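Inspection log for the structure reproduced underneath, given as structure tokens.
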Amino acid sequence: MTFLFNSDAKRGAIFAEAFARELPGIAFAMDPASVEPEAVRYLITWTVPDDLARYRNLEILFSIGAGIDQFRIDAVPAEVKVVRMVEDGIVRMMQEYATLAVLALHRHLPAYLDQQRRGIWQPIPAVQAAERRIGVLGSACWEVQCLRVCVPSAFRCPVGAALRARSTVFDASAEGKDCRPCLKPATFSSACCR
């Protein structure tokens, strides 16, 4: 029984150390050529490998990212379980990406970068955060966590009151619960900044 790590070596070394300490009975490999395909029961990866069919005994395909949107699910055999990671580091990273995107759009960074490339300077009127509405696509735990960083910044978030009133919603994923029942998906906007 082997766990195959299909990602960068630096990250793999961290996983290898954790496996040696916590799961010594499971073989851990980072090089597909170093293991018999039939021995691979678990595979962690960013995308579905083109040669996934060679792992005939694969039981679980883990996404090393925050979600599974990048997976070609049609290439995954029906009997293989697909799992996304839920880990504090990934949550924080997604919050950082969300913060970066919101602030870049809020402060017109794409427009200013375009002006810089064209060698011009035209001021763009500033808008206060309280006048800006933030929304996300979806209403699952990741989206809630990303909105969480916007609420303290005075941005108007469609679920801001729910986020403040239901602080337990942020910990629901750790308990294996789905955050969606706590929120109203229809209140979300498809735009990041409006």
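Things worth noting here:
- Linear extension gain, ALA27 paired with ASP51, 0.36 nm per residue minus alpha-carbon span: 6.6 nm
- C-alpha center-to-center spacing [segment 1-69, segment 83-111] in angstrom: 27
- Here segment 33-95 is treated as an ellipsoid with the same Cα gyration tensor; its semi-axes, largest first and in whole Å, are 23, 13, 10.
- Under 5 Å between amide hydrogens, built in the peptide plane, is the criterion, and for VAL83 it picks out LEU61, PHE62, SER63 among residues at least 5 positions away or on other chains.
Any read-out appearing in this document is the output of simple, stated calculations on the displayed coordinates, not a laboratory observation. Everything numeric in this text was worked out from a predicted model, so none of it was measured.
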